[in-house]
Amino acid sequence: MSRQVVNVLGFSSNENQFVVKSQNFSVKISNQITNTTPENPSPIEYLLSGIAGSINATGQIVAKELNMDLKSIQIEISGEIESKKFEGEKTRSRAGLRTIEVVIKPTSNASLPTLKLWMDTLKERCPIYDNLTNNTPVSISLVKDYFQQNVA
């Protein structure tokens, strides 16, 4: 199968969190874009976690294909967010992350040429990395709920 559709459904459960559900899981996300709550990570932390997870998954697959001994991967990711636009201030800056910095530390006895091939292949095949470094069409639709009222 070359194409798959992934679906999630999200809804506000209270003023401090957003819940996202899929077929097999449910996650809670803070309503704070940058500041986390003790209970739930922020949307930005989920985005950065998704990048790390995608790099790990792709890196594991590529290592097996290259017969590379990969004991583990440590991934450190940081992002600098512009919060002025999100907070409603007038600015010409974008609302999102200005930069994302990824440091990948594989534990392997592979040679430097093999590690370079592994990294180049990982960057070429990692879906989240691809979405962040290339334009991806995004469409947003608005659907208004109409509540039926009893008319006397």
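In segment 17-52, which residues are hydrophobic (A, V, I, L, M, F, W, C) and either touching a residue at least 40 places away in the same chain (Cβ under 8 Å) or closer than 25 Å to residue 104 by Cα (or both)? It would help to see each step written out before you state the result.
Initially, segment 17-52 is screened for residues hydrophobic (A, V, I, L, M, F, W, C), giving 18-20, 25, 27, 29, 33, 44, 47-48, 51-52.
Across segment 17-52, the qualifying residues are 33, 44, 47, 48, 51, 52.
All but one of (1) of a type outside the set (D, E, K, R); (2) open to solvent by 70 Å² or more (accessible area, probe 1.4 Å); (3) modelled with pLDDT of 85 or more; (4) closer than 16 Å to residue 78 by Cβ hold for residue 35, so report the exception by its number.
Residue 35 satisfies all of (1) of a type outside the set (D, E, K, R); (2) open to solvent by 70 Å² or more (accessible area, probe 1.4 Å); (3) modelled with pLDDT of 85 or more; (4) closer than 16 Å to residue 78 by Cβ except (3).
Checking the structure you have, find out if any residue of segment 103-124 is open to solvent by 80 Å² or more (accessible area, probe 1.4 Å) and assigned to a loop (DSSP other than H, G, I, E, B).
Step one: list which residues in segment 103-124 are open to solvent by 80 Å² or more (accessible area, probe 1.4 Å), which gives 105, 109, 112-113, 116-117, 123-124.
Now narrow it down to the ones that are assigned to a loop (DSSP other than H, G, I, E, B): 109.
Yes, segment 103-124 has at least one match.
Report, by residue number, each residue of segment 38-58 that is surrounded by fewer than 16 Cβ atoms within 10 Å (Cβ to Cβ), at pLDDT 90 or above and either closer than 26 Å to residue 85 by Cβ or not hydrophobic (A, V, I, L, M, F, W, C) (or both).
Matches in segment 38-58: 49, 50, 53.
Looking at the structure I just gave you, is residue 101 over 19 Å from residue 47 (Cα atoms), in contact with an Asp or Glu (Cβ under 9 Å, 6 or more places away or on another chain) and at pLDDT 90 or above?
Working: over 19 Å from residue 47 (Cα atoms): no; in contact with an Asp or Glu (Cβ under 9 Å, 6 or more places away or on another chain): yes; at pLDDT 90 or above: yes.
Spelling it out, it is not the case that residue 101 is over 19 Å from residue 47 (Cα atoms), in contact with an Asp or Glu (Cβ under 9 Å, 6 or more places away or on another chain) and at pLDDT 90 or above.
Of the numbered conditions (1) over 16 Å from the mean Cα position of the chain (by Cα); (2) open to solvent by 80 Å² or more (accessible area, probe 1.4 Å), residue 82 fails exactly one; give the number of that condition.
(2)
Among the residues of segment 53-63, write down those that are touching a strand residue (DSSP E or B) at 6+ places or on another chain (Cβ under 8 Å) and farther than 14 Å from residue 107 by Cα.
The one that is touching a strand residue (DSSP E or B) at 6+ places or on another chain (Cβ under 8 Å) and farther than 14 Å from residue 107 by Cα: 55.
Pairs, please: C-beta under 6 Å, at least 6 apart or cross-chain, first residue among the β-branched types (Val, Ile, Thr) and in segment 105-117, second surrounded by 15 or more Cβ atoms within 10 Å (Cβ to Cβ)?
Every condition considered, the pairs that remain are 114/68.
The values are calculated or read from the model by the stated rules, or taken from the named source; none is laboratory data. Everything numeric in this text was worked out from a predicted model, so none of it was measured. Positions of Cβ are backbone-derived with ideal geometry, glycine not excepted, and every protein chain shown enters the neighbour counts. Surface accessibility is based on the protein's heavy atoms, side chains included, excluding ligands, DNA and RNA. Shrake-Rupley method; radii C 1.70, N 1.55, O 1.52, S 1.80 Å.
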